[in-house]
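The values are calculated or read from the model by the stated rules, or taken from the named source; none is laboratory data. Note that this is a predicted model, so its numbers are computed, not measured. Every residue, glycine among them, receives a Cβ derived from its backbone with ideal geometry; neighbour counts consider all protein chains shown.
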Amino acid sequence: MPFTLKPLPYDRTALEPHMSARTLEFHHGKHHRKYVENLNELIAGKTLERASLETIIRKTFGSKKNEKIFNNAAQVWNHDFFWQSMKPGGGGKPTGELAERIEESFGDFDSFKEEFLEAGKTQFGSGWAWLIVDGRKLKVIKTADAENPLVLKKTALLACDVWEHAYYLDYQNRRSDMIKAFLERLADWDFAAENLAAAGSSVRRRESGVNLGHASRS
Ligand code: FE
């Protein structure tokens, strides 16, 4: 079964004025779609054709021969994750367990925001800024091109695309302004909280010795 482009979780105009319909038309409708199409072409007739997206990403990471497959597969996953990292009327502050863990890990929410902005700003060239969970601690990381927390064996909570195609139509060269808008107006903290809760329950299952079945395979 070939991969399909997942629809955006909201209308193309839903993130305006912070991210325009035109940006989503190109970013989701052209860039993201192309990654899906390239991936399907690259894996056609190969064993990987029957694997899950996550398995393809893990198996091709670091392989020169499979670099194109990795890049396209990871970019499909990263964009699916990015669209879910935003919502209309997002931003503001997280609450509950996520808010506590951010305070524990960064001191306070503003320090987290500064670190996230700095990571996105200083990613040289194309890449991503992420909030991840690494054991008990939450961390901000940046990755280049298509690389993602999955291949670093970490759990992603929230992602911001800092490739030029993510912001040039709306912000031209002002990448920082897009990252600020992402944090202050778009970030979906409920999505991040769900990812944190899911990561916590898988740690608890591992600690209690429950077999995770397919989820533990890589
Ligand atoms: Fe992108």
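Here are the numbers:
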| item | result |
| --- | --- |
| Any hit, the stretch 19-26, residues being among the hydroxyl-bearing types (Ser, Thr, Tyr) and within 21 Å of residue 175 (Cβ to Cβ) | yes |
| Verdict on residue 125 being surrounded by fewer than 16 Cβ atoms within 10 Å (Cβ to Cβ) and outside any strand (DSSP E or B) | yes |
| Identity of the residue in the stretch 67-99, outside any helix (DSSP H, G or I) and surrounded by fewer than 17 Cβ atoms within 10 Å (Cβ to Cβ), that ends up nearest to the ligand (Cβ to nearest atom) | 88 |
| Residue in the stretch 44-56 that is surrounded by fewer than 18 Cβ atoms within 10 Å (Cβ to Cβ), more than 16 Å from the ligand (Cβ to nearest atom) and within 17 Å of residue 132 (Cβ to Cβ) present | yes |
| Some residue of the stretch 53-60 being touching a strand residue (DSSP E or B) at 6+ places or on another chain (Cβ under 7 Å), in contact (Cβ under 8 Å) with a residue 40 or more places away in the chain and assigned to a helix (DSSP H, G or I) | no |
| The listed residue being more than 14 Å from the ligand (Cβ to nearest atom), surrounded by 15 or more Cβ atoms within 10 Å (Cβ to Cβ), under 14 Å from the mean Cα position of the chain (by Cα) and of a type in the set (A, V, I, L, M, F, W, C), out of 192, 199, 159, 181 | 192 |
| Residue match in the stretch 103-114 (condition: more than 16 Å from the ligand (Cβ to nearest atom), of a type in the set (D, E, K, R), outside the structural domain of residue 168 (by TED's automatic domain parsing) and not in a helix (DSSP H, G or I)) | no |
